[in-house]
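*Asks:* Okay, handing you the structure first.
The values are calculated or read from the model by the stated rules, or taken from the named source; none is laboratory data. The model shown is predicted, which means the values in this text are computed figures rather than measured ones. Cβ placement follows ideal geometry from the backbone for every residue including glycine, while neighbour counts extend to all protein chains displayed.
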Amino acid sequence: MPDVINADGTIRQDNWAVVPRPEDGESLAIPSDQPALIPADLWLAGYEHFTGNDRIGVWFDSHDEPEIIADKVNELPLIGVNFPRFVDGRGYSIARLLRERFGYRNELRAIGDVLLDQLQFMKRCGFDSYALRADKDINHAATCLNFFSQGYQAATDTDLPLFRRRAG
Amino acid sequence: MYVYDEHDRQMAAERVAQFRDQTRRALAGELSEEEFLPLRLQNGLYVQRHAPMLRICVPYGMLRSDQLRRLARITRDYDKGYAHFTTRQNVQLNWPALEDVPDILADLAEVEMHANQTSGNCIRNTTTDQFSGVQADEITDPRPYCEIIRQWSTFHPEFAFLPRKFKVAVNASEKTDRAAIRIHDIGLQIVRNDAGELGFRVHVGGGLGRTPMVGPVIREFLPELDLLTYLEAVLRVYNRYGRRDNKFKARIKILVKALTPEGFAEKVEAEWAHIKDSPTRLTPEAIERMKGFFTEPPYEALDNATDLLARQRFENRDFDQWLSHNVDVHKKPGYAIVTLTLKKTGTPPGDVTDHQLEQIADLADEYSFGEVRVTHHQNVVLADVRQDRLLELWEAITPMGFGTANLNTLTDIICCPGGDYCALANAKSIPVAEAIQRRFEDLDYLYDLGNIDLNISGCMNACGHHHVGNIGVLGVDKKGEEFYQVSLGGSSHHDADIGKILGPSFAREDMPEVIAKIIDVYVDQRTEEEEFLDTYRRIGIKPFKERVYA
Ligand code: HEM
Ligand code: SF4
């Protein structure tokens, strides 16, 4: 079973699968023995069927619009946001929208090209679990999640940008 | 000037520790080159023709004398004893070793300096007018806002991996624009509305490079407290919708053009409506607190030294010329703004030795409350010099090579490092600058020509701002040989414009003559009060073409 990093840097095992978008003409291959993340638009298309199933979550690709499920986010046990390449920063905005705009409260996972040096940015934008790319040293994650003890800005993790803390 | 508190110091130290760890992993092969690339770029480290190149941040161009001395020591200890002032008010070292960079960053952090976000696809150093706080006609000092933006953009978790680099510039004067705000991704013009409230006119989507554009206005008035939330909205729209499939189409200017400025503005307003009142909204106290760092130095109550200066000018013609060109009016009676030019013929524009850095530090301590400003024209400003000490200062700087009285003239050239240093170059740029400076050594003739911006870049990337030079020179490659394309009519000021290409390119040895012919047309055709750009705008490009290609 693959390891997943928690926001506090601890490691746990979990067996959520990420179901890729099916090719034209093929159907969604949801595994029977594992909980699974499916493309968010397909979840919405099969809403009647999927909603309430706590073994089905959704994932967004970096060009997807999280707005499509804005009013339904908390019906999902887990949302994944894909980083197709680590230099594609759209996932950070998607995460903040899910958390801060749509009020998503359950687990938010970074998937795809997830490397160590981006973990703290992800955490600040509201991700609370990270599926690190397999070739990276998972034991270094706790260090990388905590390079900085504070930040200048308000983000998902804090409503107090430094300019407000300085005033206090 | 801004002074770090324990929070800034802590984050600066943590940043150095982080980069040390990253460098160790890169050298140990745990980080691939591709993975290390954005990390090192966001710490200022490029890999260049000869060696890595380190770009050190000088926030909005402000430097203290202790920082200058530290820079001098760093160039001596880790480099070849010289540094380069860039067109973005930063400092660049050309020869550091990769494994030394964490130590250099630690040395910088001790004097409240860093290289954060000076490269890479992130929010870069915010720049402004080098005369901020000392000129009479500004609406308010822009530097507190620049520092507010610096802090907001530093390690911003959402915007560290944008489609492309992102630059913000702020201007506060109604009459001049020394910050070239309209060729930045975001240009902020400080204004007052009819009710007398302070705010910004927001330009988005300017930029040079391959597709030069002048940034359109997307909001006429943004109240000052809304500065950061609005920037956050612009950046979020750009982060989500800017193109990532093609590096040459990834700047925000391309998105603004594709959506039209109105369409882009609508998207920003829609995003902003959600976050306008978020915790990121500034407070009057936060702005007041920041303004507290940019108060006036302890000026003495003086009168203008008009008679003294008149006498000194009369007795010394060289001093007179320097005063006319390199010294500007200060808002306080008895004081003056002095620009030290780094444009001596034979020295690459913007280059300084370690020794010169120390000399500048000493001059700052002796004459200008220990501070200097770097300009985007690659010069250095002493902003608060007593008028009765100008002669003494001029006598001191002349042998140092900072007294060339050519500010804003044809030979005050902006020039990128070009083929001598830069791996991307099509052609050398420094020797062209030098040849032109030699051709126009007669100062009386130069002064007669008035203000002319001549800008040179060694390739399309436009580091030397050639598009917005009144005369622009661009290095091009023709079948492996170096040629130069000339454009006319650009401007980086309030009347910003992109120059038009004159015609086929020229060989390097012909360049001084080509420039001379262009100048001849201007001299023949100008009316009494016209500057070069005025004449060009009146008569168009045709007469220049006819003369140059005759
Ligand atoms: C020596 C190595 C250098 C390299 C490899 C380099 C590379 C580049 C590249 C690739 C761009 C284009 C980015 C784009 O717009 O797509 C660029 C832009 C720029 N560079 Fe450099 N550069 C170097 C040195 C400098 C120096 C020394 C300066 C200052 C004098 C400078 C100032 C700028 C500026 C102002 C721009 C922005 C133009 C714009 O707004 O688009 N660069 N540089
Ligand atoms: S303009 Fe081109 S040649 Fe000049 S420094 Fe920039 S990338 Fe290099």
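*Asks:* Check the range B:434-450 and report whether any residue there is among the small types (Gly, Ala, Ser), within 16 Å of ligand 1 (Cβ to nearest atom) and under 25 Å from B:ALA496 (Cα atoms).
*Replies:* Within the range B:434-450, none of the residues are among the small types (Gly, Ala, Ser), within 16 Å of ligand 1 (Cβ to nearest atom) and under 25 Å from B:ALA496 (Cα atoms).
*Asks:* Now a separate question. Being modelled with pLDDT under 95, surrounded by fewer than 20 Cβ atoms within 10 Å (Cβ to Cβ) and farther than 30 Å from B:LEU235 by Cβ narrows it down to one residue among A:LEU42, A:LEU28; which is it?
*Replies:* A:LEU28
*Asks:* Under 7 Å between Cβ atoms, which residue pairs at least 6 apart in sequence (or on different chains) link something in the range B:90-113 that is at negative phi with a partner that is within 13 Å of ligand 1 (Cβ to nearest atom) and of a type in the set (Phe, Trp, Tyr)?
*Replies:* Hits for this filter: B:VAL91/B:PHE85; B:ASN94/B:TYR421.
*Asks:* Of these, B:GLU34, B:GLU6, B:GLU99, which one is surrounded by fewer than 19 Cβ atoms within 10 Å (Cβ to Cβ), farther than 23 Å from A:LEU162 by Cα and within 14 Å of another protein chain (Cβ to nearest Cβ)?
*Replies:* Going through B:GLU34, B:GLU6, B:GLU99 in turn, the sole match is B:GLU34.
*Asks:* So the check is Cβ under 6 Å with 6+ separation or different chains; which pairs have a first residue in the range B:295-311 that's closer than 16 Å to B:PHE369 by Cβ and a second one that's at pLDDT 95 or above?
*Replies:* Short answer, once both residue conditions are applied: B:PRO297/B:PHE369; B:PRO297/B:ASP384; B:TYR299/B:LYS332; B:LEU302/B:PRO333; B:LEU302/B:GLY334.
*Asks:* Same structure, new question: Give me the pairs: first residue in the range A:127-149 and in contact (Cβ under 8 Å) with a residue 60 or more places away in the chain and more than 20 Å from A:ILE79 (Cα to Cα), second residue surrounded by fewer than 18 Cβ atoms within 10 Å (Cβ to Cβ) and not hydrophobic (A, V, I, L, M, F, W, C), beta-carbon distance under 7 Å, and six or more apart or on different chains, which are they?
*Replies:* The qualifying pairs are A:ILE138/A:ASP3.
*Asks:* Only strands (runs of 3 or more DSSP E) wholly contained in the range B:180-270 count here; list those with 1 or more residues that are within 16 Å of ligand 1 (Cβ to nearest atom).
*Replies:* B:186-192, B:198-204
*Asks:* Can I ask one more? I'd like the full set of residues that are within 14 Å of chain A (Cβ to nearest Cβ) and hydroxyl-bearing (Ser, Thr, Tyr), limited to the range B:277-328.
*Replies:* Once the filter is applied, which keeps residues that are within 14 Å of chain A (Cβ to nearest Cβ) and hydroxyl-bearing (Ser, Thr, Tyr), the range B:277-328 yields B:SER278, B:THR280, B:THR283.
*Asks:* Take the residues in the range B:148-163 that are in a helix (DSSP H, G or I) and of a type in the set (A, V, I, L, M, F, W, C); name whichever of them is farthest from A:ILE94 (Cα to Cα).
*Replies:* Going through the qualifying residues, I end up with B:ILE148.
*Asks:* Residue by residue through the range A:145-168, note down the ones that are more than 8 Å from chain B (Cβ to nearest Cβ) and either within 14 Å of the chain's Cα centre (by Cα) or crowded, with 23+ Cβ neighbours inside 10 Å (or both).
*Replies:* A:THR156
*Asks:* Would you pick out the residues in the range B:528-539 that are surrounded by fewer than 13 Cβ atoms within 10 Å (Cβ to Cβ) and modelled with pLDDT of 95 or more?
*Replies:* Selection gives B:ARG538 alone.
*Asks:* Another question about this same structure. Does B:ILE414 qualify as being in contact with a Gly (Cβ under 8 Å, 6 or more places away or on another chain), under 22 Å from B:GLN130 (Cβ atoms) and away from ligand 1 (no atom under 14 Å from the Cβ)?
*Replies:* The answer is no for B:ILE414.
*Asks:* Being at pLDDT 95 or above and over 15 Å from A:CYS125 (Cα atoms), is that true of even one residue in the range A:90-107?
*Replies:* The answer is no; no qualifying residue exists.
*Asks:* Report the residue count in the range B:164-179 for those that are part of a loop (DSSP other than H, G, I, E, B) and under 30 Å from A:TYR92 (Cα atoms).
*Replies:* Looking only at that region, the number is 3.
*Asks:* Can you tell me which residue among B:ASP520, B:ASP510, B:ASP524 is modelled with pLDDT of 95 or more, charged (D, E, K, R), under 16 Å from B:ALA427 (Cβ atoms) and part of a helix (DSSP H, G or I)?
*Replies:* On inspection, the qualifying residue turns out to be B:ASP510.
Listed here are the residues, each with its yes/no results for (1) in contact with a Pro (Cβ under 7 Å, 6 or more places away or on another chain); (2) within 11 Å of another protein chain (Cβ to nearest Cβ); (3) within 16 Å of ligand 2 (Cβ to nearest atom).
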| residue | (1), (2), (3) |
| --- | --- |
| B:ARG124 | no, no, yes |
| B:GLU138 | no, no, no |
| B:HIS156 | no, yes, no |
| B:VAL168 | no, no, no |
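*Asks:* Sort through B:LEU31, B:LEU105, B:LEU37, B:LEU71 and tell me the only one that's away from ligand 2 (no atom under 16 Å from the Cβ) and assigned to a loop (DSSP other than H, G, I, E, B).
*Replies:* B:LEU31
*Asks:* If I filter the range B:78-94 down to residues being within 14 Å of ligand 2 (Cβ to nearest atom) and part of a loop (DSSP other than H, G, I, E, B), which single residue comes out as farthest from the chain's Cα centre (by Cα)?
*Replies:* Step by step, filter the range B:78-94, then rank; the result is B:ASN94.
*Asks:* Hey, another quick one. Given the structure, is B:ILE148 within 14 Å of another protein chain (Cβ to nearest Cβ) and either of a type in the set (Asp, Glu) or within 17 Å of the chain's Cα centre (by Cα) (or both)?
*Replies:* no
*Asks:* Quick check on this structure: which one of B:SER487, B:SER505, B:SER491 is among the small types (Gly, Ala, Ser) and more than 25 Å from B:ASP448 (Cα to Cα)?
*Replies:* The match here is B:SER505.
*Asks:* Out of B:ASP453, B:ASP384, report the one residue that is acidic (Asp, Glu), within 28 Å of B:VAL134 (Cα to Cα), within 16 Å of ligand 1 (Cβ to nearest atom) and not assigned by TED's automatic domain parsing to the domain that holds B:LEU208.
*Replies:* When all the criteria are applied, what remains is B:ASP453.
*Asks:* Tell me, which residue of the range B:66-96 that is buried (at least 21 other Cβ atoms within 10 Å of the Cβ) and among the small types (Gly, Ala, Ser) is farthest from B:PRO349 (Cα to Cα)?
*Replies:* Taking the candidates together, the pick is B:ALA72.
*Asks:* I'm told B:ASN461 meets every condition in (1) more than 17 Å from B:PRO348 (Cβ to Cβ); (2) within 16 Å of ligand 1 (Cβ to nearest atom); (3) among the polar types (S, T, N, Q); (4) in contact with a helix residue (DSSP H, G or I) (Cβ under 9 Å, 6 or more places away or on another chain) except one. Can you identify the failing condition by its number?
*Replies:* (4)
*Asks:* Next question, about the same structure. For B:LEU302, state whether it is over 24 Å from the mean Cα position of the chain (by Cα) and farther than 24 Å from B:GLU138 by Cα.
*Replies:* No.
*Asks:* Select from the range A:117-144 the residues that are among the hydrophobic types (A, V, I, L, M, F, W, C), under 16 Å from B:GLU158 (Cα atoms), at the interface with another protein chain (Cβ under 9 Å from one of its Cβ atoms) and part of a helix (DSSP H, G or I) and list them in ascending order.
*Replies:* A:PHE121, A:MET122
*Asks:* Shifting gears a bit: For a quick check of your reading: which strands (runs of 3 or more DSSP E) sit entirely within the range A:1-61 and have at least 1 residues that are more than 30 Å from A:THR143 (Cβ to Cβ)?
*Replies:* In the range A:1-61, the matching strands (runs of 3 or more DSSP E) lie at A:36-39, A:56-60.
*Asks:* When only residues in the range B:272-311 that are in a helix (DSSP H, G or I) and among the small types (Gly, Ala, Ser) count, which is surrounded by the most Cβ atoms within 10 Å (Cβ to Cβ)?
*Replies:* Residue satisfying both the conditions and the ranking: B:ALA286.
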